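Engineer: Below is the structure I would like to discuss, written out as structure tokens.
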Amino acid sequence: MFIIVGLGNPGREYADTRHNAGFMALDILAERLNIDIRRQNFHAVYGEGMLDGQKLLLVKPLTFMNESGQAVREIVNWYKCPAEQLLLIYDDIDIPLGDIRIRAGGSAGTHNGMRSVIYQLQFDNFPRIRVGIGHAQGQRGLIAHVLGAPQGEDKALFEQGLQAAAQAAFLVAQGRLQEAQAQFNKRPKKEKPPREAKDASPESQELGQPEVL
């Protein structure tokens, strides 16, 4: 058995917002696997299917983001799911829009939904996929950004991230976590140190004058 949980907020007003990246990535995966996420229990809606001969559950908590842990705890306890067979998908403002990051475990960071999950489960050694939604300006701007729907070029990049998250979740559920990390975890490019000017005079070098960039 493998359980994949997408985090988000229920309700039409939140359906296309950045904060619902987990829900949307899960919908993409559900369509690919022909799993209907409709059954209600455990303070969640979920669907069951099969992947490579094992049962797969796709879960959307209905508790709203900040209380997501309640639903996750209930379904994990009911199915006696070990940590390594639980996968969380959620949004992250610290990752560039369109990128994703895959980790095998770790803290919740600043994400309230994940804080709730870890608090309720009392462990954090489960894999997770973070979908980048980019930064916002200030606390008030943060709320509008997270609970807003991307438009134009941002929407295209957002959807690119959702597609990547769904594919990565497919690989993780197959036991191919490291392969998914190698494929999707982009390392930030290191800036090359500036070259010393070839025509710099000995006097300027001795005085330590800065290069003009």
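The values are calculated or read from the model by the stated rules, or taken from the named source; none is laboratory data. All values reported here derive from a predicted model rather than from experimental measurement. Here Cβ is always computed from backbone atoms with ideal geometry, including for glycine, and neighbour counts include all displayed protein chains.
Engineer: For Ile89, are the conditions met, namely being under 14 Å from the mean Cα position of the chain (by Cα), on the phi < 0 side of the Ramachandran plot and β-branched (Val, Ile, Thr)?
Structural biologist: Taking the combined requirement at face value, the residue satisfies it.
Engineer: Given (1) closer than 25 Å to Thr63 by Cβ; (2) modelled with pLDDT under 95; (3) of a type in the set (Gly, Ala, Ser), where does Ala83 come up short, assuming only one miss?
Structural biologist: Answer for Ala83: the failing condition is (2).
Engineer: Looking at (1) farther than 18 Å from Leu177 by Cβ; (2) under 16 Å from the mean Cα position of the chain (by Cα); (3) hydroxyl-bearing (Ser, Thr, Tyr), which one does Tyr119 not meet, given that it meets all the others?
Structural biologist: So the condition that Tyr119 fails would be (2).
Engineer: When the residues of the stretch 118-133 are narrowed to those that are in contact with a helix residue (DSSP H, G or I) (Cβ under 8 Å, 6 or more places away or on another chain) and in a loop (DSSP other than H, G, I, E, B), which ends up nearest to Ala156 (Cα to Cα)?
Structural biologist: Ile133
Engineer: Report those strands (runs of 3 or more DSSP E) wholly inside the stretch 1-117 carrying at least 3 residues which are touching a residue at least 12 places away in the same chain (Cβ under 8 Å).
Structural biologist: Strands (runs of 3 or more DSSP E) meeting the threshold: 2-6, 44-51, 54-61, 86-92, 100-103.
Engineer: Every residue in the stretch 156-193 that is of a type in the set (D, E, K, R) and at pLDDT below 95, please.
Structural biologist: Lys186, Arg187, Lys189, Lys190, Glu191, Lys192
Engineer: Can you pull out every residue in the stretch 5-41 that is within 26 Å of Gln174 (Cα to Cα), among the aliphatic types (A, V, I, L, M) and within 18 Å of the chain's Cα centre (by Cα)?
Structural biologist: Hits for the stretch 5-41 are Val5, Leu7, Ala21, Met24, Ala25, Leu26, Ile28, Leu29, Ala30.
Engineer: Which of the residues belonging to the stretch 15-31 are surrounded by 13 or more Cβ atoms within 10 Å (Cβ to Cβ), farther than 17 Å from Val117 by Cα and either of a type in the set (A, V, I, L, M) or at pLDDT 95 or above (or both)?
Structural biologist: Passing the criteria: Ala15, Thr17, Arg18, Met24, Ala25, Leu26, Asp27, Ile28, Leu29, Ala30.
Engineer: Here's a follow-up. Could you list all residues from the stretch 152-188 that are part of a helix (DSSP H, G or I) and basic (Lys, Arg)?
Structural biologist: Listed by number, the list holds a single entry, Lys155.
Engineer: If we scan the stretch 125-137, do we find a residue that is within 19 Å of Met65 (Cα to Cα), more than 13 Å from the chain's Cα centre (by Cα), charged (D, E, K, R) and modelled with pLDDT of 95 or more?
Structural biologist: No, every residue in the stretch 125-137 fails to be within 19 Å of Met65 (Cα to Cα), more than 13 Å from the chain's Cα centre (by Cα), charged (D, E, K, R) and modelled with pLDDT of 95 or more.
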